[in-house]
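Encoded as structure tokens, the structure appears first; notes follow it.
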2 protein chains.
Amino acid sequence: MSAGAVTLYDTTLRDGAQAEGISYSVSDKLRIAERLDAFGLPYIEGGWPGSNPKELEFFAKIRKRRLQQAQVVAFGSTRHPMKSVTRDANVQALLKAETAVITVFGKAWDLHVHEVLRTSLDENLRMIEETVRYLVQRGKIVIFDAEHFFDGYQANQTYALKTLDVAQAAGAETLVLCDTNGGRLTDEIHQIVGTVRQLVRTLLGIHVHNDSDLAVANSIAAVNAGCTHVQGTINGYGERCGNADFISLIPLLQLKLGKRCVPEDRLKLLTDLSRFVAEVSNMAVRTNHPFVGESAFAHKGGVHVNAMLKHPKTYEHMDPHLVGNQRRFLISELGGTTGVLLKIKELEMGFSKGSPTTRKIHKLLQQLEHRGYHFEAAEGSFELLLARHLKRLKPFFGLEGFRVIVEKRPNGRLVSEAAIKLRVQKAVEHAVAEGDGPVNALDNALRKALKDFYPTLAEMHLTDFKVRVLDEKRGTAAKVRVLIQSQDAKSSWGTIGVSENIIEASWQALMDSVEYKLLKEQRGQ
Amino acid sequence: MSAGAVTLYDTTLRDGAQAEGISYSVSDKLRIAERLDAFGLPYIEGGWPGSNPKELEFFAKIRKRRLQQAQVVAFGSTRHPMKSVTRDANVQALLKAETAVITVFGKAWDLHVHEVLRTSLDENLRMIEETVRYLVQRGKIVIFDAEHFFDGYQANQTYALKTLDVAQAAGAETLVLCDTNGGRLTDEIHQIVGTVRQLVRTLLGIHVHNDSDLAVANSIAAVNAGCTHVQGTINGYGERCGNADFISLIPLLQLKLGKRCVPEDRLKLLTDLSRFVAEVSNMAVRTNHPFVGESAFAHKGGVHVNAMLKHPKTYEHMDPHLVGNQRRFLISELGGTTGVLLKIKELEMGFSKGSPTTRKIHKLLQQLEHRGYHFEAAEGSFELLLARHLKRLKPFFGLEGFRVIVEKRPNGRLVSEAAIKLRVQKAVEHAVAEGDGPVNALDNALRKALKDFYPTLAEMHLTDFKVRVLDEKRGTAAKVRVLIQSQDAKSSWGTIGVSENIIEASWQALMDSVEYKLLKEQRGQ
């Protein structure tokens, strides 16, 4: 472990907001900023006040909140070519944000000076120099982002280094080397940062994008070569393929490289932080996200599950609790009997590994998975399967039959109707209902038939309904798998059905969903 | 660029299948294997024949397919402690797979020998030695996966190296160094591989997991240090956080490191390959997936879009077409009518960008997309939509109505029947048919009603049928999107339907599928 500290600079609210699908309101930004502060991140880049009036509103509001420790930073470009800093709206907007720290980005790649700014190389140097000096003279701490530094270094090394020189001479506190297009390889980053480290006196930072899937590795290589300031975003959100992901970088830096980043007791809030930001950003959570994903410490392979029971270090690179995550064992045909056993243990059914019952259940499970059942997301059906198989379940009702009709009338009107006949507590119930589509009609009819016998069914509702065609090549005769998620005030459970007939597959999942609710109740859960 | 070739070894079907949420049928595995072969991957690890009877079924079936170039590989462990190889069921199952190449994994970490195998260090060496030698003597090419090699090297360097020595002495062709727990840092991998490269004569391979978000970088570091065999999976699927992602590794190795991996003309199929495997695996596609994600070359920030219009190199690290992806601009004025226009141009309908027709179609499309239609995979429906809207389509038939009945009888028998009434060429056709499920019955009835009028419909068949629930939270009343893929001898086309009623959504897609076939014919296509 190499000693020392690394200063983290979060740009979720600025660069992260450039991700496709993200659009933060001012209140979203305030919520995230407060959470980042509580987590212990020292710098929070809040936005680009020159780009949008909404940005200044955020800075005005965040000033009134009492952050525990973080510095909020305003971000903007160097002045425009041939314009004075005092008349440049972008530079002036930076001052209006009233932050103690300001980040200025400038072009370090001659291609961009010629093709995008369409000015001379010398004028670009003056733009950097004057903008940094102006802000420093107004009492600001200035961080200089050398945009496209690595591409610029490759194209015109002398010029790229000159942009750093002038920013340093003008009083920038930190020079941040950017791989803006995310195209550079890890060894290139390591070598170039090492060279620059010899040439400048200021603090050095790194800002990389993930277009080559190397953003985390490249940030670590930069730290190893002398950067002490690291920029990134929560969950790696950002333009195109995103930025360096702090959710991976923080545990790597702190736990594996021994660099102090955040107070030690905060690390176990990492999983929460990742999910909170995903939620506010309205982005799907990656189940296999390193460190914090639901699958990150989930063991499925039989050999793995077996070994994990013997020694947790065998298939885990670290203790999941350190980052607020947890270990899970998955049920599957690949998991061997051990997985089944664990589940049975959880249910306190008390069988040993070698017992004939365990083997029988395991075999049954393999057959069902072969037919397309998949119990990972259907614990409800799995428990019912065990209970039925072990004859520990007295059925709550029996099906006599159902008939579902979908009719499209000549006027274009669609009608879906389901009739169902059940045996319940010695009575025969015959109910009929309409619905939005055949499955909804069947759902309504089932509840109608049962409601007088099991009034608590009114407490539960379906929260998710998924359909997957298993052998698409068979066209409309293909087998389908239906997964239903249900919940009541106490818990949530998944159930499954598989059939060539989507109505039948849905029926199986529906029936299990209701029966599991009744089973839970019987057990007083 | 460093010259030379790298041999890719794909383990999507074995290690990838360990990912939470993935459960491949034999037919899924065959489809993926054929696609990997066509893409040019030289090794396809097909499964672990000793773990599950389903695995041997795959090997039996893939032998009968004519792969273009790939070697299918069987995977399994060394023999059990204190058992002879000839009596070890796992080793014998490896032979039953009848592959020319076999991968054997053995323990390289003393902790695993003590805690998991619960045998002596010497016996573990004999297990490796005897298993490899036995298979080599039976004419197999043997690849030895040194499981947990890097953790083992750190814990007991001498022993970890000994496991390689015995495998080499027994005739293994390639020694694969595994970071099974995914906990190692890039510089550690680079240094250790470099040391091992000096010590062994055989080919060296690398197999790493992504628990530290470094799998891609670590694989590249290993190649730089002397590995010429690289293991990974499509989309990085695998246990916990997954394996090294070939979708990122392949373009990095081939385009940035100059290593030959796949035939040059295949690289542009990379995006297709990634999406195909995601689809068959029923895994969500990552929009910000490096190289192949929809957002990977999507420009959102105003500065970026503006610069990109001036020079494409400014914010792209490479040309997206090289990997079969494309550039997108996320500002609606740019993305909107331009896209529609491109499509209209393709169909040679001859409208200009500003024309009222183009605007009207654009608006209609926006409304439909808002309702859940999604024409990217449904060109058939898109063309019919345009043709209907522009009144360039004389309908081939008109629907009077249909009725679909699914009945579950008291004896458990399921019957699906569809009756359909159509107007065709001034006649009224009324047909009824049964099927495997309601949609298949409707499909059969539709064909029965049309067959005398349009005999060429017998030439077409459905090749794919997909169902997506759009607003899962509404449970059984949720809206569903049905996508159907059809083909005849000349081409393949996709059609779509959206409704709360799955029968209605399927009907829309079915009807479009048939109508598009008839439209093609009318045009002489």
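The values are calculated or read from the model by the stated rules, or taken from the named source; none is laboratory data. Bear in mind the structure is a predicted one, so any value in this text is a computation, not a measurement. Here the Cβ is made from the backbone with ideal geometry for all residues, glycine too, and neighbour counts use every protein chain on show.
Tabulated data
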| read-out | value |
| --- | --- |
| Residue within the range A:76-85 that is of a type in the set (Val, Ile, Thr) and in contact with a Phe, Trp or Tyr (Cβ under 6 Å, 6 or more places away or on another chain) present | yes |
| Residue within the range A:433-445 that is closer than 17 Å to A:Met511 by Cβ and polar (S, T, N, Q) present | yes |
| Residue under evaluation B:Met460, criteria (1) surrounded by 17 or more Cβ atoms within 10 Å (Cβ to Cβ); (2) modelled with pLDDT of 90 or more, criterion not met | (2) |
| Conditions (1) part of a helix (DSSP H, G or I); (2) closer than 22 Å to A:Glu500 by Cβ; (3) more than 7 Å from chain A (Cβ to nearest Cβ); number of the one not met by B:Asp443 | (3) |
| Subset of the range A:275-294 [among the basic types (Lys, Arg) and more than 10 Å from chain B (Cβ to nearest Cβ)] | A:Arg275 |
| Number of positions in the range A:356-369 that are surrounded by fewer than 16 Cβ atoms within 10 Å (Cβ to Cβ) and not polar (S, T, N, Q) | 5 |
| Of the criteria (1) within 23 Å of the chain's Cα centre (by Cα); (2) within 30 Å of A:Gly106 (Cβ to Cβ); (3) not in a helix (DSSP H, G or I), which one B:Tyr315 fails | (1) |
| Residue among A:Asp88, A:Asp28, A:Asp10 that is surrounded by 24 or more Cβ atoms within 10 Å (Cβ to Cβ) and either of a type in the set (D, E, K, R) or outside the structural domain of A:Thr119 (by TED's automatic domain parsing) (or both) | A:Asp10 |
| Unmet requirement for A:Ala478, which otherwise passes all of (1) out of contact with any Asp or Glu (no Cβ under 9 Å at 6 or more places or on another chain); (2) of a type outside the set (D, E, K, R); (3) in contact (Cβ under 8 Å) with a residue 12 or more places away in the chain; (4) surrounded by fewer than 24 Cβ atoms within 10 Å (Cβ to Cβ) | (1) |
| Looking only at the range A:452-463, and only at residues there that are in contact (Cβ under 8 Å) with a residue 24 or more places away in the chain and not in a helix (DSSP H, G or I), the one that is farthest from the other protein chains (Cβ to nearest Cβ) | A:Phe453 |
| Residues of the range A:177-227 that turn out to be farther than 19 Å from B:Ser212 by Cβ, at the interface with chain B (Cβ under 9 Å from one of its Cβ atoms) and of a type in the set (Ser, Thr, Tyr), as a count | 1 |
| Single match in A:Gly232, A:Gly238, A:Gly258, A:Gly226 (criterion: surrounded by fewer than 24 Cβ atoms within 10 Å (Cβ to Cβ), at pLDDT 95 or above and under 21 Å from A:Ile143 (Cβ atoms)) | A:Gly226 |
| Single match in B:Ala433, B:Ala419, B:Ala427, B:Ala449 (criterion: more than 7 Å from every other protein chain (Cβ to nearest Cβ) and surrounded by fewer than 18 Cβ atoms within 10 Å (Cβ to Cβ)) | B:Ala427 |
| Selection count, the range B:133-174, where residues are within 17 Å of B:Asn218 (Cβ to Cβ) and part of a strand (DSSP E or B) | 3 |
| Flag for B:Val208 being in the same structural domain as B:Glu98 (by TED's automatic domain parsing), part of a strand (DSSP E or B), under 24 Å from A:Ala222 (Cα atoms) and at pLDDT 95 or above | yes |
| Yes/no for B:Asn243 being in contact with an Asp or Glu (Cβ under 8 Å, 6 or more places away or on another chain), crowded, with 24+ Cβ neighbours inside 10 Å and polar (S, T, N, Q) | yes |
| When residues of the range B:261-271 are limited to those that are among the hydrophobic types (A, V, I, L, M, F, W, C) and either closer than 13 Å to B:Gly4 by Cα or free of Cβ contacts under 8 Å to residues at least 40 places away in the same chain (or both), the one surrounded by the fewest Cβ atoms within 10 Å (Cβ to Cβ) | B:Val262 |
| Tally, over the range A:400-416, of residues that are at the interface with chain B (Cβ under 7 Å from one of its Cβ atoms) and either touching a residue at least 12 places away in the same chain (Cβ under 8 Å) or of a type in the set (Lys, Arg) (or both) | 10 |
| Any hit, the range B:216-230, residues being outside any helix (DSSP H, G or I) and closer than 18 Å to B:Gly16 by Cβ | yes |
| Odd one out for A:Pro49, checked against (1) surrounded by fewer than 24 Cβ atoms within 10 Å (Cβ to Cβ); (2) at pLDDT below 95 | (1) |
| Among residues of the range B:486-525, those that are β-branched (Val, Ile, Thr) and away from every other protein chain (no Cβ under 13 Å), counted | 1 |
| Selection status of A:Phe297, farther than 25 Å from A:Tyr24 by Cβ and either without any contact (Cβ under 8 Å) to a residue 60 or more places away in the chain or at the interface with chain B (Cβ under 7 Å from one of its Cβ atoms) (or both) | yes |
| Candidate set: the range A:231-245, residues that are in a helix (DSSP H, G or I) and within 11 Å of another protein chain (Cβ to nearest Cβ); chosen: the one farthest from A:Ile32 (Cα to Cα) | A:Gly236 |
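The rows are residues; the columns are (1) among the β-branched types (Val, Ile, Thr); (2) at pLDDT 95 or above; (3) within 28 Å of the chain's Cα centre (by Cα).
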residue	(1), (2), (3)
B:Ser486	no, no, yes
B:Lys490	no, no, yes
B:Thr495	yes, no, yes
B:Val498	yes, no, yes
B:Ser506	no, no, yes
B:Asp512	no, yes, yes
B:Gln522	no, no, no
